[in-house]
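Worksheet: the structure to be examined is printed underneath.
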Amino acid sequence: MRFQDIPYQRPNKTEALRQYDAILEKLATAKSAADQLSAFSDYQLLSRELSTQGTVCMIRHTIDTRDTFYDKENDFFDAAGPVFSEKQTAIYQELLKSPYRPQLEEKLGRTLFEKLDLAARSMSPAVTGLMQEENALESEYQKLYASAKIEFQGASLTLPQLGAFKQNPDRAVRRAAVEAEGAWFDAQREQLDSLYSRMVQNRTAQALKMGFESYTPLSYLRMGRAGYGRAEVEEFRRQVKQDWVPLAARVKAFQRARIGVDALRLYDDGLFFAGGNAKPRGTPEELLSRAAEMYHALSPETGEFIDFMRQNGLFDLVSKPGKAPGGYCTYIPGYQSPFVFSNFNGTAADVDVLTHEAGHAFAAYRAAKKNLPVELEEATMEACEVHSMSMEFFTSPWHGLFFGEDAPRYQLQHAEEAVTFIPYGCMVDEFQHLCYNQPHLTPEERNALWLELEKQYRPWLDLSGLPFYGRGAGWQRQLHIYECPFYYIDYCLAQTLALQFFALSLKDADAAWQKYLAFVDLAGSESYTGLGRKAGLALPFDRGCMKQVGEAIEEWIAARQPGAPQA
C-alpha cells in the first residue's frame, strides 16, 4: 500500500491497556511454555499495531510540523508512549522470570532474552511521568528547529536550505551563511539553553529514581548495548585522539591546500574543492530514478528493494517550510514498509541520503521477510548504522549516475568526510558524558567544555569571531544531543566497520557484498560485537584497530590528491 493511502487511527488507550493486562494475566497463569508462547504472540500483534499507528503519526508530523491534527496526535503518543512502555516492561519481566524460560529460549532465541533483560532494566513505572515530560521537551526542540526562517540573499530559507550556501566557492558567501545561521541560533539562545537544562535535569531525575548514579548507565541500557560498556567506549575515544585525530588533521591539510586558504575557518569546513563541491545533477525525481538504476545494477536484492520503495511512495525527500530537520529511516511494521525522510538541498548530501538512509531501509526490508519477533527485526543502533554507512561505499561504482564526470571528486569528499566525522562524533559523545556526569553545569560552563573538546578533537578548525559557534554553542544544532542522547557514538563505531567493508570491496567487490549481505541478514539476532566478530571485522575497542583502519583509508585518500603519483 502506498504511504499516502495508509489509514491512521489514534489507538484507544483504554482498550490497549486492557489488552496488555490480559496478556500479562495469560503469562502469569500459563501452565506450559506453549501457553506463554501464545501470550507472547498476542503481545507481538498488539505491539505491531500500536507501533504502526505511532510511526505513521510521527512521519506525517515531521513532514509538516504545522499540521494541527498530527501535532495533537504526536502529543497523544508523547504522553501514551511511556504508559505503553511500562506495560511492555511488565511483559518482559514475566518472560524473564518464566519457569519455562529454557523452552522459550530454545524457541525464540537467547539473544531475544538478552534484549528483554536490557529493556526491562531500563524502565520503571516510577519514571513514566518524567518520560512523558521528556517526550514533550524533545517535541518542543524539534518544532523550534523546524520553525527557523532565515532571510538570506533575498530568500526566506529553512536551516537545511541554508546549508547549500555554506558550501559556496565564494568565501564571503560561506561566511555570511554561517553568520546568518549563527544569528538565528543566538536569537533562540535562552530557549535552547533552557530546553537542554531541563532535559538534563529530567533524565538525571529518571536515573536517580531508578537507582543509578547518573543518567549515563541508564542511557547505555536504553541504547541496548551488549558486549561492551563505558570502558570500551573510552578506549575507542582514546585511540581516536591518539591515532585518528592526527590522520584527520592530515586529511584536512589536503582540503586546505585544495581550496587555497591559509587556515581553515569554520565556514571553510564544508568546501572541498576551490571550484565548488560536486553537486548531483537533476531534480529529486530524477535522482530517485537514478538511484533505482544504481540499486538494480548493484544486486538483485537491492533492485527488488528499491522497486518496492518507489511503488509504495516510501520517500519524502525535499526540504520545505514546516518540515522537521534532518533525515531518518523508520519502519511501519503493519505494512512491512521502511520509510525514508530527508531534506534535499541540492548538495552532495542528497546522494548521501539515497545511500545512507536507503541502507537502513534495505536492512529493514530484508528483516521484514524473516518472520522475526519485533525485538529481533532490528539490530542495535550501532549495528544499524553499519548497514547504512557501508551502503554509502558499496554504491560507489555508480556515483557517476548522479555526478557525471565529477564523481571522483564526490568520492574523495565522501571518504574524507568519513575520516573527519569520527573525531566530531567522539567529541559529541564525550561532551554528553561530561554533561550528564555534571548535571548542574550552567549553559556557559557547557559551552566552555565544548570549546575545550574542539581543541582536542578538531584542532585544525578556527571558530573565533563567529556568532553562536565562537562562544562554544555549536553543539546546539546537533539534533541528537537533544533528542537521542548518547546515540552519536554509534555512528563512529559503525563507521569503523564500514571502512573495513570499503577496504574489502576494493580487493573483491563481490565477496565483500556477500559478507555485507550476511551481516545485514542476521538482523537483530546478534549484538554489534557479535555481528562484527562473525563478519571477521576488527572492533573499534580492539587495541590498534583505529591505526590499522586509518592507514588503509589514508592511503586511498592520499593517492587521489591533485599531483599524487598514479599507480
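The values are calculated or read from the model by the stated rules, or taken from the named source; none is laboratory data. Being a predicted model, the structure only gives us computed values, none of them experimental. All Cβ positions, glycine included, derive from the backbone under ideal geometry; neighbour counts span all protein chains shown. Heavy atoms of the whole protein, side chains included, go into the accessibility calculation; ligands, DNA and RNA do not. Shrake-Rupley method; radii C 1.70, N 1.55, O 1.52, S 1.80 Å.
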(request) Among the residues of segment 324-378, count how many are open to solvent by 10 Å² or more (accessible area, probe 1.4 Å) and assigned to a loop (DSSP other than H, G, I, E, B). (result) 12
(message) Checking the conditions here, which among Glu114, Glu133, Glu140 is within 30 Å of Asp35 (Cβ to Cβ) and acidic (Asp, Glu)?
(response) Glu114
(request) Please give the number of the condition Leu479 fails out of (1) under 21 Å from the mean Cα position of the chain (by Cα); (2) closer than 24 Å to Leu247 by Cα. (result) (2)
(request) Six or more apart or on different chains, Cβ under 9 Å: which pairs go from a residue in segment 379-395 that's outside any helix (DSSP H, G or I) and of a type in the set (Lys, Arg) to one that's modelled with pLDDT under 95 and surrounded by fewer than 24 Cβ atoms within 10 Å (Cβ to Cβ)? Could you list them? (result) none
(request) Considering only segment 168-185, state which residues are touching a residue at least 12 places away in the same chain (Cβ under 8 Å) and open to solvent by 50 Å² or more (accessible area, probe 1.4 Å). (result) Pro169, Arg171, Arg175, Glu179, Ala183
(message) When you scan segment 219-235, do you find a residue that is closer than 30 Å to Cys545 by Cα, among the hydroxyl-bearing types (Ser, Thr, Tyr), open to solvent by less than 50 Å² (accessible area, probe 1.4 Å) and assigned to a helix (DSSP H, G or I), even just one?
(response) yes
(request) Assess whether Leu451 counts as being over 22 Å from Met223 (Cα atoms), open to solvent by 30 Å² or more (accessible area, probe 1.4 Å) and either not aliphatic (A, V, I, L, M) or not in a loop (DSSP other than H, G, I, E, B) (or both). (result) yes
(request) Kindly establish whether Gln88 is touching a residue at least 24 places away in the same chain (Cβ under 8 Å), open to solvent by 30 Å² or more (accessible area, probe 1.4 Å) and within 22 Å of Tyr8 (Cβ to Cβ). (result) yes
(request) Consider Asp42 carefully, then state whether it is open to solvent by 20 Å² or more (accessible area, probe 1.4 Å), within 25 Å of Phe341 (Cα to Cα) and part of a helix (DSSP H, G or I). (result) no
(request) From Leu27, Leu17, grab the single residue that is in contact with a helix residue (DSSP H, G or I) (Cβ under 6 Å, 6 or more places away or on another chain) and modelled with pLDDT of 95 or more. (result) Leu27
(message) Considering only residues that are surrounded by fewer than 22 Cβ atoms within 10 Å (Cβ to Cβ), assigned to a helix (DSSP H, G or I) and of a type outside the set (Ser, Thr, Tyr), which ones fall in segment 520-536?
(response) Asp521, Gly530, Arg533, Lys534
(message) Being under 18 Å from Asp21 (Cβ atoms) and in contact (Cβ under 8 Å) with a residue 12 or more places away in the chain is the filter here; which residues of segment 35-53 pass it?
(response) Gln36, Ser38, Ala39, Phe40, Asp42, Tyr43, Gln44, Leu46, Ser47, Glu49, Leu50
(request) Read through the list (1) among the hydroxyl-bearing types (Ser, Thr, Tyr); (2) part of a helix (DSSP H, G or I); (3) touching a helix residue (DSSP H, G or I) at 6+ places or on another chain (Cβ under 8 Å), then give the number of the only condition that Tyr469 fails. (result) (2)
(message) Only one of Leu517, Leu506, Leu539 is within 21 Å of Arg237 (Cα to Cα), surrounded by fewer than 20 Cβ atoms within 10 Å (Cβ to Cβ) and not basic (Lys, Arg). Can you tell me which?
(response) Leu539
(request) Go through segment 258-293 residue by residue and tally those that are open to solvent by 10 Å² or more (accessible area, probe 1.4 Å), assigned to a helix (DSSP H, G or I) and either hydroxyl-bearing (Ser, Thr, Tyr) or in contact (Cβ under 8 Å) with a residue 60 or more places away in the chain (or both). (result) 8
(message) Against the condition touching a Ser or Thr at 6+ places or on another chain (Cβ under 9 Å), in contact (Cβ under 8 Å) with a residue 12 or more places away in the chain and open to solvent by less than 50 Å² (accessible area, probe 1.4 Å), how does Val56 come out, does it pass?
(response) no
(request) Return the residue satisfying two criteria in turn: it lies in segment 542-563 and is of a type in the set (A, V, I, L, M, F, W, C) and open to solvent by 20 Å² or more (accessible area, probe 1.4 Å), and of such residues it is farthest from Glu382 (Cα to Cα). (result) Ala559
(request) Quickly run through segment 16-27 and pick out the residues that are free of Cβ contacts under 8 Å to residues at least 24 places away in the same chain and either under 11 Å from Tyr43 (Cα atoms) or open to solvent by less than 70 Å² (accessible area, probe 1.4 Å) (or both). (result) Ala22, Lys26
(message) Among the numbered criteria (1) buried (at least 20 other Cβ atoms within 10 Å of the Cβ); (2) under 17 Å from Leu479 (Cβ atoms); (3) not acidic (Asp, Glu), which one does Ala136 miss?
(response) (1)
(request) Taking the residues in segment 158-204 that are outside any helix (DSSP H, G or I) and at pLDDT 95 or above as candidates, determine which candidate is nearest to Asp350 (Cα to Cα). (result) Asn168
